[in-house]
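Trainee: Structure in structure tokens, see below.
Bear in mind that the values in this text are calculations on the coordinates, not laboratory data. Predicted, not measured: the structure shown is a model, and the values here were computed from it. Using ideal geometry, Cβ is built from the backbone for each residue, glycine included, and neighbour counts are taken over all protein chains shown.
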Amino acid sequence: MPELDIRYVGATALHAHYERVIEAQSCYIELGLEDGVFLADHSSDVGNPMTPDSVRRGVDRRWAIPALTGDAANALLEELAPLAERMLADWTPELDSSHSETLAVLGEDGEAAEREIRELIESRFPDDEPADENPALIQEWDVDSAVNGDEATEYDITDETTDARLVEIEADIIANLAQCTSLENPTIVCHGLDTYLRGLREEKINEAREEVEEELEEIAEAVARRPATVLRAARLGLSDRRIGELLGVSHVTVGNIRKSPKN
């Protein structure tokens, strides 16, 4: 019989919401009968989760849970540990000759312990319980409900805003969302918020790029209107690159002015 090996999780480790997927990933508690690993995790499959072969054969046992906070998940694992140990102590591998595979079959006490685990989870976390009424559940906000559209102005987001500053802004928005719930110190995540904030910065970058391009065009036009100065500088031995550096334009622009038939 392997020893029970509880794998603890972080604060929001059970929450996963992939891009272009409508709902967050489902979560579960799993007990490995062969290795004793006892953990909480979220499914990595997109769409309808596939049942792993080890779960189908009963070697790994799974029970569905909601997206719990790290503290709640770890507390649940510890509470269920005595039942998990009973399961580890009461199962046997049996050959299924019809499919040439080995199945894990629980004994009477192992089955009773698994039933208690299922019943405890179902009673503790009803399917229809709102996340904003149970502090053990991670609350997920939709980005459209979390923002007001004025964040670029409110947080002074510009083309030079750093990634670190965006993280700070995201944390502040999340903290403000926490004030909208009746729970004390809720665990909140907002799917797409980081992408939204990066998008605001990208808009500012595009705006700044357009402004710079317009300024460069104005400089180039001003230079083009003074070809005599450019030609004199060239006669005095200044290279196109040096003239361009002094004028703030490229050496190609200088060369085009110098070589223009009009000059």
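Trainee: Which one, (1) 33; (2) 36; (3) 60, gives percent of Cα pairs over 27 Å apart as derived from the coordinates shown?
Mentor: (3)
Trainee: Computed from the mean reciprocal separation of all distinct C-alpha pairs, what Kirkwood hydrodynamic radius does region 57-206 have, in Å? Intermediate results must be reported in sequence, preceding the final value.
Mentor: On the way: mean 1/r = 0.0522 Å⁻¹.
Here the Kirkwood hydrodynamic radius works out to 19.2 Å.
Trainee: How long is the gain from Glu108 to Ala171 if the chain were fully straight, where each residue apart is worth 0.36 nm and the alpha carbon distance is subtracted? If you can, show how the numbers build up before the last one.
Mentor: Details: separation 63, 0.36 × 63 = 22.68 nm, distance 4.97 nm.
The Glu108-Ala171 span can extend by a further 17.7 nm.
Trainee: Using a simple charge model, +1 on the beta-carbon of Lys and Arg, -1 on the beta-carbon of Asp and Glu, nothing else, what dipole does the chain show about its Cα centre, in debye to the nearest 20?
Mentor: Details: 24 positive and 59 negative charges, 558 e Å.
For this selection, approximately 2680 debye.
Trainee: Also: Where in region 121-153 does the amide nitrogen come within less than 13 Å of the point 7 Å from the Cα of Asp71, taken along Cα to Cβ?
Mentor: 135-138
Trainee: For the chain, calculate the relative contact order in percent as a whole number, restricting contacts to Cα pairs under 8 Å that are 6 or more residues apart. Display every interim value, and only then the final one.
Mentor: Values: 336 pairs, mean separation 35.2, N = 263.
Once divided by the residue count of the chain, the mean separation gives 13 percent.
Trainee: Hey, can you rank 120-133, 186-199, 231-244 by average C-beta count inside 10 Å, highest first?
Mentor: Values: 120-133: 12.3, 186-199: 18.3, 231-244: 14.3.
Most protected by this proxy first, the peptides run 186-199, 231-244, 120-133.
Trainee: What spacing in nm lies between the two simple spin-label points modelled at Asp127 and Ser54, each 7 Å away from Cα in the Cβ direction?
Mentor: Those two pseudo-labels are separated by 2.8 nm.
Trainee: Output the DSSP H helices from the chain with an along-axis C-alpha extent of no less than 15 Å and a mean Kyte-Doolittle hydropathy no less than -0.5.
Mentor: Membrane-span-like by this rule: 70-88, 163-178.
Trainee: Tell me which of Pro126, Ser260, Leu246 sits at the most positive position along the dipole axis of the chain, charges placed on C-beta atoms (Lys, Arg +1; Asp, Glu -1).
Mentor: Ser260
Trainee: Report, in debye and to the nearest 20, how large the dipole of region 200-263 comes out about its Cα centre when Lys and Arg carry +1 and Asp and Glu carry -1 on their Cβ. Mind dumping the intermediate values first?
Mentor: Numbers: 12 positive and 13 negative charges, 171 e Å.
Once rounded to the nearest 20, the dipole reads 820 debye.
Trainee: Separate question: Given +1 on the Cβ of Lys and Arg, -1 on the Cβ of Asp and Glu, and no further charges, what dipole in debye does region 90-199 carry about its Cα centre, rounded to the nearest 20? Working shown, then result.
Mentor: Values: 5 positive and 31 negative charges, 32 e Å.
Computed charge dipole of region 90-199: roughly 160 debye.
Trainee: Tell me the GluC sites (Glu not before Pro) within region 1-65 that lie in a loop according to DSSP and have at most 11 other beta-carbon atoms within 10 Å.
Mentor: Those that pass, being in a loop and sparsely packed, are Glu3, Glu19, Glu23.
Trainee: Put one equal scatterer on each alpha carbon of region 195-263, apply the Debye formula with no solvent term, and list log10 I(q)/I(0) at q = 0.14, 0.24, 0.27, 0.28 1/Å to two decimals.
Mentor: For region 195-263 at q = 0.14, 0.24, 0.27, 0.28 Å⁻¹, log10 I(q)/I(0) is -0.50, -0.97, -1.14, -1.19.
Trainee: What does the helix-only formula give at 222 nm for the chain: each DSSP H stretch with n ≥ 4 adding -39500 (n - 2.57), the total divided by the residues, and the result rounded to the nearest 500 deg cm²/dmol? Walk me through the numbers on the way to the answer.
Mentor: Details: 10 runs with 122 residues, N = 263.
One gets -14500 deg cm²/dmol as the mean residue ellipticity at 222 nm.
Trainee: Using +1 at the C-beta of Lys and Arg and -1 at the C-beta of Asp and Glu, which of Ile29, Ala11, Ala40 has the Cα lying farthest in the positive direction of the dipole of region 1-54?
Mentor: Of the listed residues, the answer is Ala11.
Trainee: While we're on this one: Roughly what % antiparallel, to the nearest 5, for the DSSP beta bridges in the chain? Write down the numbers at each step before the final one.
Mentor: Numbers: 18 of 25 bridges.
Antiparallel: roughly 70 percent of the beta bridges in the chain.
Trainee: Let me ask something else. Would you be so kind as to identify which of Val55, Asn185, Ala146 lies farthest towards the positive end of the dipole of the chain, taking Lys and Arg as +1 and Asp and Glu as -1 on Cβ and the Cα centre as origin?
Mentor: Ala146
Trainee: Same structure, new question: At 4 °C and a viscosity of 1.567 mPa s, what translational diffusion coefficient does Stokes-Einstein give for region 26-70, taking Rh as the Kirkwood radius over Cα pairs? Give it in µm²/s as a whole number. Show your work: numbers first, answer last.
Mentor: Numbers: Rh = 11.1 Å.
The calculation lands on 117 µm²/s.
Trainee: So, counting K/R as plus one and D/E as minus one, what does the shell of residues with Cβ under 12 Å around Tyr155 add up to?
Mentor: Working: positive: Arg165, Arg201, Lys204; negative: Asp150, Glu151, Glu154, Asp156, Glu168, Glu170, Asp172.
Around Tyr155, the charge tally is -4.
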